[in-house]
1. Go through (1) in a loop (DSSP other than H, G, I, E, B); (2) under 30 Å from Ile101 (Cβ atoms); (3) open to solvent by 50 Å² or more (accessible area, probe 1.4 Å) one by one and return the number of the condition Ala228 breaks.
2. Being crowded, with 18+ Cβ neighbours inside 10 Å and either without any contact (Cβ under 8 Å) to a residue 12 or more places away in the chain or in the same structural domain as Gly400 (by the TED database) (or both) is the requirement here; does Ser329 meet it?
3. Filter the range 163-177 for residues that are part of a strand (DSSP E or B) and open to solvent by 10 Å² or more (accessible area, probe 1.4 Å); which is modelled with the highest pLDDT?
4. For the range 337-357, how many residues meet the condition of being over 13 Å from Arg470 (Cα atoms) and within 18 Å of the chain's Cα centre (by Cα)?
5. Consider the range 79-103. How many of its residues are open to solvent by 70 Å² or more (accessible area, probe 1.4 Å) and closer than 21 Å to Asn168 by Cα?
6. Can you tell me which residue is farthest from Leu462 (Cα to Cα) among those in the range 389-411 that are assigned to a loop (DSSP other than H, G, I, E, B) and modelled with pLDDT of 90 or more?
7. Of the conditions (1) in contact (Cβ under 8 Å) with a residue 24 or more places away in the chain; (2) open to solvent by less than 10 Å² (accessible area, probe 1.4 Å), Gln317 satisfies every one except a single condition; which number is it?
8. Just wondering, is there one or more residues in the range 287-295 that are under 27 Å from Lys488 (Cα atoms), aromatic (Phe, Trp, Tyr), open to solvent by less than 40 Å² (accessible area, probe 1.4 Å) and under 24 Å from the mean Cα position of the chain (by Cα)?
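The values are calculated or read from the model by the stated rules, or taken from the named source; none is laboratory data. Since we're looking at a predicted model, the values are computed, not measured. Here the Cβ is made from the backbone with ideal geometry for all residues, glycine too, and neighbour counts use every protein chain on show. For accessibility, only protein heavy atoms count, side chains too; no ligands or nucleic acids. Shrake-Rupley method; radii C 1.70, N 1.55, O 1.52, S 1.80 Å.
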Amino acid sequence: MFIYRESETDFRVRKSGHEIPVVAFSPIEYPKSVDNKLASYFEQEIGLIWKDIKYANARISKDAWKNKETLTDELKKKEADIIVFGTISESNSGWSFKFEIKDSVDDSKFGDFELSFKKPVSTEEVGNWTQAIFWKASDRIISLETKQTTVPVWDRKPDLSRIKEIVNSSVKGLLNVRASSSDTEILWKGKSLGSAPLLDIPVSEGIQEIQLVLKGKKPITKTIQVRAGKKNYLFHEWEEDKTLGAAKVISVPNGLSVSIDGYKQGETPFYRSNLTPGAYQLELLKENADGAYVYYEGVLDVKPDKVAELALPYTGQDLLSESEFWKPSGEIGFSAIGPKGLEFAKKKNLPNGWNGAYSLPFIPEEMDLEGYFLLPVDHKEGSVAVTFHFQGLSLGIEAGKEKVSIFQFPSDGKTLGTYKYKDVDKDVGRPFSFKADPKTKKLSLYLGQDKVWEGNLPVGGLWTISVLTRGEEFREKAPLKDLKILYKGYK
């Protein structure tokens with residue numbers, strides 16, 4: 001079920017976006033050697049570049065740039081899409097400008113460009129700036145004085161088409177659509193975008209309807225909320241022959257080669273349907289000019305009417321934003337996935353119980369699972385639990401506003417421990433980490449730098465993570481500050 005979610009912290013999450021980007025230009029801090037007249041000349045010349053680009057000027061007052069909260073309010077009020085930050089550096093030969101085009105909310109960069117002016121050193125390079133002063137009478141205008149001044153000349157102009165491309169990208173998100181059948185056609189606004197898999201196709205921000213069409217099947221329409229500057233994912237599994245199976249293999253980051261029974265089948269993220277049930281030899285490789293390095297070698301067990309799933313987050317930074325790594329779980333009226341990844345939202349009051357998301361099963365190896373619970377000032381109400389699931393054991397932490405509790409399943413029903421955070425931790429976040437070492441067969445849990453639990457690491461099977469919130473103590477928006485997996489030995 002699609003749930004539109006407004007955001008208290010991200011005004012660019014909108015029902016409908018802008019066709020023409022709204023741009024805010026930050027003031028440029030000029031060195032003392034550049035007087036007001038020269039600064040005015042630079043701004044006029046640079047302004048001519050922007051005349052050929054379609055945009056709306058947000059016009060933020062200079063005073064607003066001095067205070068972060070005031071600036072945020074102004075940007076929200078003007079519905080700015082991007083900020084253009086300009087800096088100047090001076091040398092003996094002239095002046096260089098660098099402009100960075102950034103998201104108006106999260107400071108992520110869409111692109112940058114540079115330009116420069118040089119000081120004239122010969123009569124051929126002299127540029128003239130003519131200033132005329134006029135007096136207006138009732139019936140005519142009289143020229144009183146004309147001055148000519150030597151000014152800098154262009155040294156390097158930017159690529160105008162590149163600037164247009166960067167600015168236009170600020171009101172679009174990237175769409176990634178995959179389906180269990182590669183014959184699936186994807187349509188947006190009645191126009192075909194191509195067949196699955198469809199990767200990084202720019203679409204307008206806002207609520208969008210994507211239609212999936214497969215011959216012999218009823219067309220499916222899915223609604224997604226596109227946030228400009230971010231990747232958006234859709235996956236659809238068609239009802240297939242129930243005697244056959246399917247496979248889904250992902251990696252973080254994407255791009256590992258997938259080999260099945262010795263034959264290369266594609267790259268991660270990898271989807272394949274209509275597979276004959278059985279055990280397949282699977283290899284995940286990283287290819288380069290010197291050959292291929294095998295990251296994983298094992299068996300992929302495909303069963304009838306099932307999807308065999310496997311993940312390898314070998315450099316798993318910021319896992320909360322990896323939508324394809326998570327499988328939502330919870331009541332109707334609850335949504336786990338938003339424009340930025342895991343973002344919990346509800347459409348109605350939820351019953352007691354847990355709602356959230358489970359990761360795809362990932363490959364066991366020596367690794368650290370690290371994350372941060374929100375600070376008390378950010379946490380507000382609600383609780384969130386992070387659980388590490390092994391074969392025959394689940395070890396987890398439930399965090400509220402003031403304390404955390406450690407639990408395991410199976411158990412005798414008792415909590416393993418309850419802890420309050422030290423004052424020092426409130427300044428840096430609420431860090432936690434699980435450390436799994438198959439060599440020593442040990443599993444450890446840390447809160448900050450303190451080891452609070454250690455036990456035997458179960459042998460066999462794949463591992464998963466869950467991030468859940470209670471229905472009666474609902475944690476809305478982002479459940480954690482960060483989450484990452486650090487495999488030992490993978491680069």
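1. (3)
2. no
3. It comes out as Lys172.
4. 7
5. Total satisfying the criteria: 2.
6. The selected residue is Gly392.
7. With respect to (1) in contact (Cβ under 8 Å) with a residue 24 or more places away in the chain; (2) open to solvent by less than 10 Å² (accessible area, probe 1.4 Å), Gln317 is out only on (2).
8. no
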